[in-house]
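Worksheet: one structure, shown below.
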Amino acid sequence: MSAKDGGGDSKLFSRGKVAELRIELNSGGKKDKNYSAKKIALKRIVANMTMSNNDMVALFPDIIGCMTIPSLEIKKMSFLYLVNYARVRPDIATKAIPFLEMDMDDPNPLVRALALRTMAYIHVREFVEAAAPIVRVMLRDSDPYVRKTAAFCVAKLYDHDRQVEQSDLIDRLNALLRDDNPTVVASALAALMDIWERSDTIKLTIDYNNASKMVSILPDCSEWGQTYILEALMSYVPQETGEALLLAERISPRLSHSNSSVVLTCIRVMLYLMNYMADQRQISALCKKLSPPLVTLLAKGPEVQYLALRNALLILQRRPEVLKNDIRVFFCKYNDPIYVKVTKLELIFMLANENNIDEVLTELREYATEIDVHFVRKAVRAIGKLAIKIEPAARQCIDVLLELVSTKVTYIVQEATVVIRNIFRKYPNQYESIISTLCEHLDSLDEPEAKAAMVWVIGQYADRIENSDALLEDFLYSFAEEPVEVQLALLTATVKLFIQRPTKGQELVPRVLKWATEETDNPDLRDRAYMYWRLLSTDMNAAKQIVMGQKPAITAEAEQLEPATLEEMCLNVGTLATVYLKPVQAVFRSARPRKLQDSPALQKQNLTTVGVTEQKYQGQQHQGQQHQGQQGTNDLTQAISDADAYFSAMRIDRVDDGFGGGGGGVTGYVVSAHAPQAVMQPAEGGGSNGDLLA
């Protein structure tokens, strides 16, 4: 119903009255041989139905009467009406079943397929019962279009009634995989995949011969048929490395297809098959083939670009050799939407190395002067993280940050302060010369994270900042009004000042401890203050070892996806779940989780999950050896080290609170209602969104 001839069909979308439409529907008589009046009336009814005019239900008997008219256009509109309102008035809808059954014998395959699809798509018991035996017959129809439709109808019937498993429909659907028509085979595969996704008992297994046949008919299928076949190949488990390599080579021409879905599904299958290949040279050669199609997708619309970019984030974490020389294609364009720019920024960060750091910093410097505040913050944060990621380039990154701070733009100064704090944590006792520059811009800090970062710097380097006590006192004027994040940082910084410069901090410490223990309702702040109070009053040397002790160095890779999540995500490249960078069941609760199936060809030693498991096991052994060897004067140092490691692993808080703990942890701990004292930590990485520049 497109608007033709200057918007003629747009007049159909006016709210009609049932009585008027009934008269129009029954008008025309024998003179109207083309049924023009009925067609116009049906168009108006369908238009009103689209506009949710539920008064159209009253026309049900009249519509059923139109189903006998030998016009494909009228049948389409009548059947559309039937599908839409059958569940509202099932008592009247069942009267249409005889007419649908008559159309199953029509010589026109389009009419047969239309009637079959209509009957199977209506979720009413009588229609489902009537459709099952007819679908069984139509699966052997002489016309491939009808067989294709019948294949999809089996999946639809299974959606209505799981008892379809008990019939022979699924066996007959399997038989269609040997059909001579590629479109029918692709449709049968799509139907079987749909049933498998929702069934707990049906298992989809494909051997090499079937997989080889499926690949051979790919060129003869439509673009969506190719997608169905490639999707089905994910159920094939190679038993030999040669099989995986041969199939990957045979489907690689699909990478140059014009349809984005075909390209992304092909990439997913090739990434899957690489897990069953032993020769790293062959894997590298295949990885090189994945780069051009991903780059080509960036020439499409912003929505497709975004999908390609989010999938590129996954692919780079699993196969870093892909796109390693293509960093320039991810440089932002002036007219890119913000969601595309931010994702490109994350990819630039991932692809940056010593060889291209000059080019990258020049680009990021430009981004930091753009209008969009959110994007500018991400660019500044990327510069800081590059200093942590690429040690030889740290000085260059810091110089760029100082250049940006000199602009005195408030949000740039605040973001730079946060990332410089992290640089100090990565490179302790280096680059302290820039502290004075930060102190010149204290008045620009009004965000909690920036304030907490600056307070951490003042406390950590209190012995090197001449007026550190005065600077802290300025922050303490508004202690009661500050958010907890800043209060925690001020408490720890004051204790650090006292430990490093007792004469300067002796007046501030009692005051802050009194505020934190007597004038606050926050239990975290109060408990930490009590801990410091008892620690300082008991043993100053122990307090210095704990508060000023060496902390684990931070890394730029902490925000990457947890290996098990990454493995699952790579098996879902091109799906909606990859946009969120979360496990499939976290996005779609009813979706079937995917994992690599075991076989003699599976390269277990190359899986990320295996590497992590081995590291954890070695770490446990190492801790056990340390535990056996601790004795004498080393007890205190070892206890402190173990405590640091324990709390670092817990990662209770997302933000750095100035105590030296790591940021970027996972929030969302769950307290069981049945055991309130037990706190259950969610699986590591399960809640991450993969944002490297968070």
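Each reported figure results from applying straightforward, stated rules to the coordinates on display, with no laboratory input. All of these numbers come straight from a predicted model, not from anything done at the bench. Note: ideal-geometry Cβ built from the backbone for every residue, glycine included; neighbour counts use all protein chains shown.
Could you work out the relative contact order of segment 563-605, using alpha carbon pairs under 8 angstrom and six or more residues apart, expressed as a whole percent?
32 percent
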- prompt: From largest to smallest, what semi-axes in whole angstrom does segment 513-557 give when each is the square root of 5 times an eigenvalue of its alpha carbon gyration tensor?
  reply: 24, 18, 6
By average C-beta atoms within 10 angstrom, highest first, the peptides 445-453, 268-276: 268-276, 445-453
- prompt: Quick one: what do you get for segment 99-143 if you divide its Cα Rg by 2.2 N^0.38 Å?
  reply: 1.05
- prompt: With the Cα gyration tensor of segment 371-444 giving a ≥ b ≥ c as the square roots of its eigenvalues, does the rule (a/c under 1.5 for rounded; else a/b larger than b/c for prolate; else oblate) give rounded, prolate or oblate?
  reply: oblate
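List T503, T555 from most exposed to least, where exposure is judged by having the fewest other Cβ atoms within 10 Å.
Numbers: T503 8, T555 13.
Lowest to highest Cβ neighbour count: T503, T555.
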Length-normalised contact order for segment 430-552 - Cα pairs under 8 Å, 6+ apart - percent: 20 percent
statement: In segment 116-187, the trypsin sites (Lys or Arg not before Pro) that sit in a DSSP loop and have at most 16 other Cβ atoms within 10 Å of their own Cβ are R140
- line: For the pair Q597 and Q166, the simple spin-label estimate (label points 7 Å beyond Cα toward Cβ) gives in nm 2.8 nm
query: Computed FRET efficiency, Cβ-Cβ of M540 and E440, R0 51 Å: what is it to the nearest 0.05?
result: 0.95
13 Å cut-off, amide nitrogen to a point 7 angstrom out along D106 Cα→Cβ, residues in segment 72-86: 72-80
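Fewest Cβ neighbours within 10 Å first, please rank K95, K43 accordingly. Could you put the intermediate results ahead of the total?
Working: K95 14, K43 17.
Ordered by Cβ neighbours within 10 Å, fewest first: K95, K43.
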statement: Taking a crude spin-label model, label points 7 Å out from Cα along the C-beta direction, the A480 to T201 distance in nm is 7.0 nm
message: What whole-number distance in Å separates the alpha-carbon centres of segment 213-277 and segment 434-498?
response: 57 Å
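Please report L294, L491 as a ranked list, fewest other C-beta atoms within 10 angstrom at the top and most at the bottom. Walk me through the numbers before you get to the answer.
Working: L294 22, L491 27.
The most exposed by this proxy come first: L294, L491.
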message: Below 8 Å, C-alpha to C-alpha, sequence gap of six or more: please give me the relative contact order for segment 292-387 in percent.
response: 22 percent
query: Sorted by mean Cβ packing within 10 Å, highest first, what order do the peptides 492-502, 539-549 take?
result: 492-502, 539-549
- prompt: Given a Förster radius of 60 Å and the C-beta distance between D220 and T369 as r, what FRET efficiency does 1/(1 + (r/R0)^6) yield to the nearest 0.05?
  reply: 0.65
- line: Counting Lys and Arg as +1 and Asp and Glu as -1 over every other residue whose Cβ sits under 11 Å from the Cβ of A393, the net charge comes to -2
task: Give the calculated FRET efficiency between T68 and E20 to the nearest 0.05, with a Förster radius of 25 Å applied to their Cβ-Cβ distance.
output: 0.60
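How big is segment 467-548 by the Kirkwood estimate over distinct Cα pairs, in Å? Write down the numbers at each step before the final one.
Numbers: mean 1/r = 0.0794 Å⁻¹.
Kirkwood radius, segment 467-548: 12.6 Å.
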query: For segment 563-605, taking Cα atoms only, what is the radius of gyration to one decimal and the Dmax to the nearest whole Å?
result: 11.4, 33
